[in-house]
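Asks: The following block contains the structure, expressed as structure tokens.
The values are calculated or read from the model by the stated rules, or taken from the named source; none is laboratory data. A quick note: this is a predicted structure, and the numbers were derived from the prediction, not measured. Here the Cβ is made from the backbone with ideal geometry for all residues, glycine too, and neighbour counts use every protein chain on show.
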Amino acid sequence: MSTVTVRNARTVRVSGLTVRHRRRTALDAVDLDFAPGVHGLLGPNGAGKTSLIRVLATVAAPSGGRVELLGSEVGAVTDHRSRSAVRRRLGYLPQEFGYYPGFTVREFVSYVAWLKEMPAAQVPEAVERAVARVGLADRIDAKVKTLSGGMVRRVGIAQAIVNDPDLLLLDEPTAGLDPEQRVEFRALLRELGETSTVIVSTHLVEDVAAACTEVTLVEAGRIAYRGTTAELTAIGSNGADDSLGDNSIERGYTAALRAHRTAVAGR
Amino acid sequence: MSEQMRRTMNLPDLPALYVRSRALPLTAAALTGIVLVAAWAADWLQDQPHFDHTARVPVLVLAPLLASAAIGASLHSHSDELDRTAVRPWWPRRLLHLLALTVLATGALALSVPGHPEEFGAPGMVRNVLGATGVTAASVALIGARLSWLPMTVYSGAVYLAAPRTPGGAAAVWAWPMQPGPQGAAWAVAVAAYVAGGALLVVRGARPEPV
């Protein structure tokens, strides 16, 4: 790929990141870094994917550790200024997001553009472009509440990319999309990943296989595996047991997860 | 004021989309309705045979309660998770939001009970709007906007039934909404509730509620 030089720059660096919800530890001293490209974040339910995405989106404060996004420290409560600067360049699709019921698609995406302090003169065009990129140009003046679940999900993707973010965080972006929409969405992801750092949390292994260049496997608050999609697929192709999954990447996923569990249990 | 000027002065902005996202036009309409009904009810009560201006007590308790409920509801955010990614801090916007609605509600409701300021007139109305809004603002921060009307409703109901007929004394503190007007203790409690509740809301924001 032509973006090799860009890829060397780490846009996300996390060290010793710990997140606790009451007594439960969601993330346990995690060290991670990401460069531009599309990264898949895989793992069982409750592994800590959403906790990680929320810290990276600056909506949740970590209990401990350092978080550096786009060259600025943002983890501490006192990092107001750097957090504001980073948020202008950040896109975030939460697992569940609300919207004012009276808003049209155009108004909702404009509202988010306003949150990100985009220059007012650029907003109308940026909104139309973002909505067109998710294939909803013909519904831009429809009320969001009248749209189907899959369409609302695409509106969510549109608001996340309205400011052409350098760091894009998507939590379960393909939930509710039909197969055709998912194929289109993966193409959009690959396009965005050419210039931005895109981190996609999902439990659909095939999304990762199709759209992501690198994979991070999270399990019980720890990193179970990191590698390229090709490497994970290779684990699944080299004589792995067929019961682990129906295709190489699924088998790779299960094999890597079990290897990690065995290693943890053996400690 | 130009956008540039506003930015350099670092004033909070409440643009049209924010105003709509918090249903502020609906809130303003609700407040207007409350004021009109309060003015009519206060006038009607005084005109009843054997009644005088002291008959305005229910208006002084109920109208501020309804106004504070409308203000509390307007503080609900439908998109809390996305709002957290805002570049600017939220507290100036919350402060402006709360102050603007408080001024509107206190001003208009004070005009709805003309005459006899010492007994259930405009000063008592202002005090009760401030106190009720303060309690409701604290409720928004602690239990969320959807049920923020509940604590003040329960409190008002209890006080309305339990307050002694004679004003002042200890009752001026715990039954501040039922005091006729100039009782200092009642003012102190109401203003303290407004300042504390408002500060809690401005600093913490509405408690997040499920989508």
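Results for (1) within 14 Å of another protein chain (Cβ to nearest Cβ); (2) at pLDDT 95 or above; (3) surrounded by fewer than 17 Cβ atoms within 10 Å (Cβ to Cβ), shown as yes or no for each residue.
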residue: A:N8; (1), (2), (3): no, no, yes
residue: A:V38; (1), (2), (3): no, yes, no
residue: A:N45; (1), (2), (3): no, no, yes
residue: A:I53; (1), (2), (3): yes, yes, no
residue: A:S72; (1), (2), (3): yes, no, yes
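Asks: Moving on. Taking the range A:24-81 only, how many residues are basic (K, R), out of contact with any Lys or Arg (no Cβ under 9 Å at 6 or more places or on another chain) and farther than 22 Å from A:Q159 by Cα?
Replies: Residues that pass the stated criteria total 2.
Asks: Another question about this same structure. Is there a residue being touching a Gly at 6+ places or on another chain (Cβ under 7 Å), of a type in the set (K, R) and at negative phi anywhere in the range B:94-109?
Replies: Yes, the range B:94-109 has at least one match.
Asks: Something else about it: Could you say whether any residue in the range B:111-122 is of a type outside the set (F, W, Y), under 25 Å from B:L150 (Cβ atoms) and surrounded by fewer than 21 Cβ atoms within 10 Å (Cβ to Cβ)?
Replies: Checked against the condition, which is being of a type outside the set (F, W, Y), under 25 Å from B:L150 (Cβ atoms) and surrounded by fewer than 21 Cβ atoms within 10 Å (Cβ to Cβ), the range B:111-122 yields no hits at all.
Asks: If you don't mind, there's one more thing I want to ask. Please state which one of A:E117, A:E107 is buried (at least 19 other Cβ atoms within 10 Å of the Cβ) and of a type in the set (D, E, K, R).
Replies: On inspection, the qualifying residue turns out to be A:E107.
Asks: Looking at (1) under 24 Å from B:L98 (Cα atoms); (2) touching a residue at least 24 places away in the same chain (Cβ under 8 Å); (3) out of contact with any Asp or Glu (no Cβ under 6 Å at 6 or more places or on another chain), which one does B:A188 not meet, given that it meets all the others?
Replies: So the condition that B:A188 fails would be (2).
Asks: If you take the residues in the range B:183-211 that are over 18 Å from B:T136 (Cα atoms) and either modelled with pLDDT of 95 or more or crowded, with 16+ Cβ neighbours inside 10 Å (or both), which one is nearest to the other protein chains (Cβ to nearest Cβ)?
Replies: B:A185
Asks: So which residues in the range B:55-80 are within 30 Å of A:T58 (Cβ to Cβ), modelled with pLDDT under 95 and part of a helix (DSSP H, G or I), if there are any at all?
Replies: The one that is within 30 Å of A:T58 (Cβ to Cβ), modelled with pLDDT under 95 and part of a helix (DSSP H, G or I): B:D80.
Asks: While we're on this one: Enumerate the strands (runs of 3 or more DSSP E) found wholly within the range A:166-240, keeping only those where 1 or more residues are under 24 Å from A:L90 (Cα atoms) and under 12 Å from the mean Cα position of the chain (by Cα).
Replies: A:167-171, A:197-201, A:214-219
Asks: If A:V86 meets every condition in (1) among the hydrophobic types (A, V, I, L, M, F, W, C); (2) within 11 Å of another protein chain (Cβ to nearest Cβ); (3) touching an Asp or Glu at 6+ places or on another chain (Cβ under 8 Å) apart from one, which number is that one?
Replies: A:V86 satisfies every listed condition except (3).
Asks: Can you find a residue that is more than 27 Å from A:R261 (Cα to Cα) and crowded, with 20+ Cβ neighbours inside 10 Å anywhere in the range A:212-231? Write out each step before concluding.
Replies: Residues of the range A:212-231 more than 27 Å from A:R261 (Cα to Cα): none.
Scanning the range A:212-231 turns up no residue that is more than 27 Å from A:R261 (Cα to Cα) and crowded, with 20+ Cβ neighbours inside 10 Å.
Asks: Turning to a different aspect of this structure: Can you name the residue in the range A:94-113 that is more than 9 Å from chain B (Cβ to nearest Cβ) and either among the β-branched types (V, I, T) or not in a helix (DSSP H, G or I) (or both) and is also nearest to B:P25 (Cα to Cα) among such residues?
Replies: A:T104
Asks: Further, regarding this structure: With respect to the numbered conditions (1) in contact (Cβ under 8 Å) with a residue 24 or more places away in the chain; (2) surrounded by fewer than 21 Cβ atoms within 10 Å (Cβ to Cβ); (3) aromatic (F, W, Y), which one is the sole condition not fulfilled by B:Y155?
Replies: (1)
Asks: For B:V140, indicate whether it is under 16 Å from the mean Cα position of the chain (by Cα) and in a helix (DSSP H, G or I).
Replies: Spelling it out, B:V140 is indeed under 16 Å from the mean Cα position of the chain (by Cα) and in a helix (DSSP H, G or I).
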